[in-house]
């Protein structure tokens, strides 16, 4: 419960950075790192496939999917179809 005061603002800053186009890539990296830490914590305690873990994975994929859809530079760096 004490970590909420630290982790909450970190998540908010990451989300705000992701929301603004000039810093969207940095925000996506930070959001992915934040959610990756959540997934690692669940794997470490043996909760494979728990709902918070699945939601974190889904949100990470959606973060990069949204960035891929709205930023042309990302689509040129990571083309799915050539």
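Please treat every number below as a calculation from the coordinates, not as lab data. Being a predicted model, the structure only gives us computed values, none of them experimental. Every residue, glycine as well, gets a Cβ built from its backbone with ideal geometry; the counts of neighbours run over all protein chains shown.
When each of 56, 50 is scored by the number of other beta-carbon atoms lying within 10 Å, the sequence from fewest to most is 50, 56. Projected onto their three principal axes, the Cα atoms of the chain cover extents of 43, 27, 14 Å, largest first. For the chain, find the longest principal axis of its Cα atoms and tell me its angle to the long axis of helix 51-70, 0 to 90°, nearest 10. Helix 51-70 and the main axis of the chain meet at about 20 degrees. For the chain, relative contact order (Cα pairs under 8 Å, six or more residues apart, normalised by length) works out to 21 percent.
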